[in-house]
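In what follows, a single structure is set out as structure tokens and then discussed.
The values are calculated or read from the model by the stated rules, or taken from the named source; none is laboratory data. Keep in mind that this is a model prediction, so the values were computed, not measured. Every residue, glycine as well, gets a Cβ built from its backbone with ideal geometry; the counts of neighbours run over all protein chains shown.
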Amino acid sequence: MASCQVQVLYNYFETRQSFPETHAENEQLQSRAFRNSVLLLHRLNPNQDNKAMHSVLQLLLLLLIATVAISIPVFAEENDSIYDVLRAHALPMGLLPKGVKEFNVDVATGHFSVFLNQSCKAKYESEIHYEANITGTIGYGSIGGLTGVSAQDLFLWFPVKGIRVDIPSSGVIYFDVGVVRKRYPMSLFETPRDCVAVVEKVWTLVLPSLNLLSAL
């Protein structure tokens, strides 16, 4: 029985490891996690007694209620800063750099916009580039649909599409950069960093004309 509970719980949380971009997607993810866990429970123990099945189902229902509760958007007071909004959602304040001049948050959807004085980059474990306009959807412990943030890996830059922390906290923060999920110590993002202005340059590739090529 204990082995069955462990496998069902693992399946539930494995399904939950995602970056939902909207609250509707978050609810669908929770429903799918619960449904998949119940189906797994039947496959693992098709002949188990009703009392044991009832015990595991109760546990899953408690998990579902808990995850629904923490996914409800929590917003700070009107006069609070964007850093206070991050903290109210169990996210470290240093995810955004210093220099935020304006921000908007839609309470109904969690969608937010952040406006910096200019594009800039901040040094953490590696460099992170911030556009002057950053958007995304904030939830408890996560940001989805993120635009305007890029993380450097070696000599390449990757757009950060989502950010997530474990609830309860494991001291690790996850950046979804599409192909992989980068892990950082959450302590790196405890406080907003200074952000150095980035001079935007447009690099163009000049190709020889067709007439010149034909003459060769």
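Residues that are of a type in the set (Asp, Glu): list the strands (runs of 3 or more DSSP E) wholly contained in the range 83-184 that include at least 1 such residues. Steps first, answer last, please.
Details: elements: 100-105, 111-116, 120-123, 127-139, 142-153, 156-159, 162-165, 172-176.
In the range 83-184, 100-105, 127-139, 142-153, 172-176 are the strands (runs of 3 or more DSSP E) which contain 1 or more residues that are of a type in the set (Asp, Glu).
Could you look through the range 151-204, keep only residues that are of a type in the set (Val, Ile, Thr), within 23 Å of CYS120 (Cβ to Cβ) and under 17 Å from the mean Cα position of the chain (by Cα), and pick out the one that is modelled with the lowest pLDDT?
We begin by selecting, within the range 151-204, every residue of a type in the set (Val, Ile, Thr); these are 160, 163, 165, 167, 172-173, 177, 179-180, 191, 196, 198-199, 202, 204.
Going one step further and asking which of them are within 23 Å of CYS120 (Cβ to Cβ), we end up with 160, 163, 173, 177, 191, 196, 198-199, 202.
From the residues that got through so far, the ones that are under 17 Å from the mean Cα position of the chain (by Cα) too are 160, 163, 173, 177.
Working: VAL160: 96, ILE163: 97, ILE173: 96, VAL177: 91.
Top of the filtered list is VAL177.
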